[in-house]
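Notes for the one structure printed next.
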Amino acid sequence: MKAKARIFPASRRCSMCPETTQIAEPNPNAGITLVLWPDGTWCWGDDFREEDWGFMSDDYEVIDMGDMPRVERLAREDAQLCADVLEELR
């Protein structure tokens, strides 16, 4: 026989869960977006309007620069692209 999961009201806190505090500062680049196409073409999210980029494929990816796991993966996949983006951020 399966045990039923207990559901607690949202107002009831778990006594085993310690109070958590933010240990790191928020990423200052969060909210800055980069639009990236598979061929390596990119532009800032603020500069992207679909009608201006109609000649490009529609399989682009929007990357939030605050999403560190994704930014780190981008750095591993395309170091030159990251160098170009960093140069623009300076």
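Quick notes on this structure:
- Each residue of the stretch 50-65 is assigned a 3J(HN,Hα), and the resulting list reads 3, 5, 7, 10, x, 6, 8, 5, 9, 9, 7, 10, 9, 10, 7, 5 Hz, derived from the Karplus form 6.51 cos²θ - 1.76 cosθ + 1.60 (θ = phi - 60°), x at Gly and Pro.
- The accessible-area ordering, largest first, of the residues 73, 90, 49 stands as 90, 49, 73, per a 1.4 angstrom probe.
- Per residue, the convex hull spanned by the Cα atoms of the stretch 29-90 measures out at 83 cubic angstrom.
- Residue 33 - accessible surface, heavy atoms, 1.4 Å probe, Å² rounded to 10: 40
The values are calculated or read from the model by the stated rules, or taken from the named source; none is laboratory data. Remember, predicted model here, so these are calculated numbers, not experimental data. Ligands, DNA and RNA are stripped out before the accessible areas are found, and what is left, the full protein with its side chains, is counted by its heavy atoms. Shrake-Rupley method; radii C 1.70, N 1.55, O 1.52, S 1.80 Å.
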